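Structure, as structure tokens:
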């Protein structure tokens, strides 16, 4: 693989906040960034060197975009396979199309994990009501019915508490192919962001702990409050997935941690992840700089965490009574504000995040929650 040095142009498929923070890291290192998505004046486009607005199905526009960059990466998984194939004929896509194909579809992803010997919760494919009834008979209740594709932040999911709720759950998905998964009574959710370079070098940012509200990530604390044995096992699983996928780029592996200490992989994200945002302020190298390094063929950066940290998402709900009180939040020591440049605040929409640093994770979590509460305190 040819190393792309500063001055080269990186293409990004997608234009949300992950692309924005990637573009900021890339530009700081001297790279140019072009972004491609169906929207205009986007979080990524606001800081990129060039913004292309076109449908992912417009393959002529896709090829023209690819001809103007030296490598392409992505900030979300829901990119059509034909788009990636068209680009791959012109410039490298990192991670590659095979990784994207596997991870953008829950059933393919779970099947891949199971075949690789990675611990996952029991699951069954569901395409009809009859298949759902048969799956419930095997897996039991409670169980979670999810659309097989195009799901994030809890979208396309229904909890089934008893078999007689199956019909309504199936109908709510509008006939889409689905996957039924056993419900895990987990102790907590943890994740790990890791990376692999083109030369096979790997690095990780350590295991972090996540809490959710309304199926949306609410807070992350780093490092996670887990035993060294659990942290080591999670790291081993993540590194084995990097190798099996032959991934070049960044990967987030999300886990359920059961009450008996067992780890189950819940989802894979072959890109920077919400739970890795703390790395911008707390680590020697951020997850976004790491993505730049990996896709451009540079050596990976050191992932040392400099201080315990906690991250809290800022959703559009905070704007319901007017602009938040940024001054109050920023008055709390060692709190960092990150806003994504989105013009419309909607309930549940990720508008930004806060990161707090402290001597302990408990104190960092207290600070970041206090800062977020101060945004709407009268």
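What follows is calculated from the coordinates using simple rules that are stated; it is not laboratory data. Bear in mind the structure is a predicted one, so any value in this text is a computation, not a measurement. Don't worry about glycine lacking a Cβ; one is built from the backbone with ideal geometry, like all the others, and counts go over all protein chains shown.
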* Structure fact -> Scoring the range 122-182 by relative contact order with C-alpha pairs under 8 Å, at least six apart, yields a percentage of 51 percent
* Give the Rg (one decimal place) followed by the Dmax (whole number) of the range 140-251, computed from C-alpha coordinates and expressed in Å. => 17.1, 52
* Asked: To the nearest Å, what is the center-to-center distance of the range 58-106 and the range 328-378, using C-alpha atoms only?
  -> 34 Å
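Pairs of Cα atoms under 8 Å, at least six residues apart: use those to get the relative contact order of the chain, whole percent.
14 percent
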* Using only the Cα atoms of the range 76-230, construct the convex hull and provide its projected area averaged over every direction, in square nanometres to one decimal. => 11.3 nm²
* Top of 167, 48, 66 by mean-square fluctuation, Gaussian network on the chain, Cα under 10 Å -> 167
* Asked: Roughly what would the spin-label model give for residue 183 and residue 373, points 7 Å off Cα along C-beta, in nm?
  -> 3.1 nm
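Just how many % of Cα pairs in the range 243-378 lie over 25 Å apart, if you round to the nearest whole percent?
In whole percent, the long-distance tail amounts to 38.
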* Full extension from residue 227 to residue 339: what is 0.36 nm times the residue separation minus their Cα-Cα distance, to one decimal in nm? -> 37.0 nm
* Identify which of 75, 363, 254 has the largest mean-square fluctuation in a Gaussian network model of the chain, with springs joining Cα atoms closer than 10 Å. => 363
* To do: Identify the residues of the range 257-298 with backbone N under 13 Å of a label point that sits 7 angstrom from the Cα of residue 306 along the Cα-to-Cβ direction, or state none.
  => 279-286
* P(r) tail fraction, the chain - alpha-carbon pairs more than 41 Å apart, % -> 11 percent
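Please give the FRET efficiency for residue 284 paired with residue 138, using the beta carbon to beta carbon distance and R0 = 41 Å, rounded to the nearest 0.05.
It comes to 0.30.
Can you give me the orientation-averaged projected area of the convex hull built on the Cα atoms of the range 9-93, in nm²?
Its Cα hull, projected and averaged over all orientations, spans 4.5 nm².
Wrap a convex hull around the Cα atoms of the range 1-147, take a quarter of its surface area, and give that in square nanometres.
Reported value for the Cα convex hull: 11.2 nm².
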* Structure fact -> Stokes-Einstein D for the range 188-282 (25 °C, 0.890 mPa s, Kirkwood Rh from Cα pairs), in µm²/s, comes to 184 µm²/s
* **Long-range Cα-Cα pairs in the range 305-347 (distance over 14 Å), rounded percent** => 57 percent
* Asked: Taking only C-alpha pairs under 8 Å that are 6+ residues apart, what is the relative contact order of the range 4-58 in percent?
  -> 37 percent
* In Å, what Rg and Dmax follow from the Cα atoms of the range 122-182? -> 10.0, 28
* To do: For n ≥ 4 DSSP H runs only, could you compute -39500 (n - 2.57) per run for the chain, divide by its residues and tell me the 222 nm figure to the nearest 500?
  => -9000 deg cm²/dmol
* Asked: How far apart, in nm, are two points set 7 Å out from the Cα along the Cα-to-Cβ line at residue 67 and at residue 167?
  -> 5.7 nm
* Structure fact -> Label model pair residue 57, residue 115: point-to-point distance (7 angstrom along the Cα→beta-carbon line) in nm is 2.9 nm
* Asked: What residue among 229, 17, 114 shows peak mean-square fluctuation when the chain is described by a Gaussian network model with Cα springs under 10 Å?
  -> 229
* **Modelled label reach - residue 317, point 7 Å along Cα→Cβ, the range 357-374 residues with backbone N closer than 12 Å** => none
